[in-house]
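Okay, so here's the structure we're looking at.
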Amino acid sequence: MPYYRSVGELPRKRHQVFHKPDGGLYNEELMGEEGFSSDASLLYHANLPTAIVKSEAVDRPAELDAAVPNRPLLPRGYRTQDLPVGGDVVGGRRLLFVNEDIRISFVAADRPSELYRNAVGDEILYVQSGSARFESVYGAMDVGEGDYVVVPASTTYRFVPLGGGSGSGGVGSDDVVRVMTFESRGHVRPPKRYLSQYGQMLEHAPYSERDFRAPTEPLVVDEGETPVLVLHRAGLTRLTYAAHPFDVVGWDGYLYPYAFNINDFEPIVKRFHAPPPVHQTFEGPNFVLCSFCPRTLDFDETAIRVPYNHANVDSDEMMFYVGGDYSARKGSGIDIGSISLHPSGVTHGPQPGSVEGSIGKPSTDEMAVMVDTFRPLDLGPAARACEDTSYGTSWARNQQARQLGDTESGPGLTA
């Protein structure tokens, strides 16, 4: 994180005696990246954070993670709307895509997760719909539709849907939280070009520090032995601690979970069409994440206001459509909750008729989350289960239909 926060009770100096009310000492824990050489926070625990009483290996059925290459090569479309509802945001993740750098999963969660710690890398949890309480060793914060929740590696947390809905489980039902999860093999950051050499968000950045939310007070749970599921480089282990990890009375530093809402992203607009890097929101090792938000379109009167046909020479592009009116992509099967995957090796672009339909259009209300990866994405079980197999040939079908005068296409602004 690019700036300092302080929450709860702290001693005046780091690594200084800090007494509990009963005269004992609080226990310091340094959470730090890159071997004491990068961002870090100091947390003060009522109990020893090292007191493990039991360790048990946890096996996952291999079929839940089995992924296959995108072969034969095709642009592909998927419908997360068709995936089953149920489970929690940790154990209920359904694997969509994976490579050596990132795992992308989806879950329609209807219950709290157990305590969890991803020791492999940072996570981004994108809340498509619903509301939840994110609880961690740093405190708690409420999150909801449109929130990116960035979780640093090795943060112990749980995700609790707030519930109280109709119980229908349908899209938009407030008793189900729909979350796209991005698990990095390293650390997630704002793009370097948005930051000064000292870490401040610069004036040209499409968001600022004021847009970030983080825990504002400690979350102290006084309980005895407590299990925590840990993802580590060798697999999964359930560690049982002598006391609940949520016993932190204060912390400070630059490393902590935070939320950023997609509606706070400030789009950059040009006279003629701007490429996807203007939408970049985060970067990780060998991938970038972008936010396509409602915006004024290219304002030259001769501008073509849709993306040009383009080939992803060095990357696979995954687009998750999360809001707005997708009637503009009539004939492609795209709707809210849909995903398109446009891999390296193919050219993709707007649906036939979109170029003509875009001319003079002043704005778009479409919203999408895009990930570009610089290694190919394999297809997980969930992707294969919800694939719209007609998507890859939709350009040819729509072109033929237009020639016969049977269909109309709108702008398709995030094609």
Over the chain, equivalent-ellipsoid semi-axes from the Cα gyration tensor in Å: 41, 24, 18
Antiparallel DSSP beta bridges within the chain, percent to nearest 5: 95
Average projected area [Cα convex hull, region 253-346], square nanometres: 8.1
Compactness index (Cα Rg / 2.2 N^0.38 Å), region 235-279: 2.21
Probe 1.4 Å, protein heavy atoms only - accessible area per residue of the chain in square angstrom: 44
Contact order normalised by residue count of the chain, Cα under 8 Å, 6+ apart, percent: 21
Charge-dipole axis of the chain as Lys and Arg at +1 and Asp and Glu at -1 on Cβ define it, positive-most pick from Phe260, Val143, Val313: Val313
Lysines whose Cα lies under 16 Å from that of Lys361, excluding same-chain neighbours fewer than 8 positions away: Lys270
Cross-link reach list, lysines versus Lys54, counting only Cα pairs under 30 Å and skipping chain neighbours closer than eight places: Lys20
Proximal aspartates and glutamates relative to Lys192, as straight alpha-carbon distance under 16 Å, when same-chain residues fewer than 8 apart are discounted: Asp39, Glu203, Glu209, Glu283
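Per the Cauchy relation, a quarter of the hull surface: what is the mean projected area of the convex hull of the alpha carbons in region 258-302, in nm²?
3.7
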Spacing of the two label points (7 Å from each Cα toward its C-beta) at Glu301 and Val221, in nm: 6.3
Calculated P(r) of region 141-263 - Cα pairs past 18 Å, %: 67
Net lengthening on full extension, Ala40/Asp65 (0.36 nm per residue, minus Cα-Cα): 5.8 nm
Pairwise label distance in nanometres, Arg12 with Thr50, each label 7 Å out on the Cα-Cβ vector: 2.8
Longest to shortest principal axis, alpha-carbon extents of region 1-131, angstrom: 64, 31, 31
Cα coordinate range in region 313-384, projected on the principal axes (Å, largest first): 38, 25, 19
Relative counts (whole %) of C-alpha pair distances in region 64-221, using bins that are 10 Å wide: 10, 34, 34, 18, 3, 0
Cα centre as origin, Lys/Arg/Asp/Glu Cβ charges: the chain dipole, Debye: 640
Whole-percent carbon and sulfur share, accessible surface of the chain, 1.4 Å: 49
Convex hull per residue volume in Å³, alpha carbons only, for region 94-148: 104
For region 1-160: relative contact order, % (alpha-carbon pairs under 8 angstrom, 6 or more apart): 14
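Could you tell me what fraction of 2.2 N^0.38 Å the Cα radius of gyration of region 183-322 comes to, as a two-decimal ratio?
After normalising by residue count via 2.2 N^0.38 Å, the value is 1.42.
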Dipole magnitude of region 95-136, debye to nearest 20 (Cβ charges: Lys/Arg +1, Asp/Glu -1, about Cα centre): 160
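The values are calculated or read from the model by the stated rules, or taken from the named source; none is laboratory data. Because the structure is a prediction, the values reported are computed rather than measured. Glycine also receives a Cβ, built like all others from the backbone with ideal geometry; neighbour counts cover every protein chain displayed. The accessibility values were calculated without ligands, DNA or RNA, using every heavy atom of the protein model including side chains. Shrake-Rupley method; radii C 1.70, N 1.55, O 1.52, S 1.80 Å.
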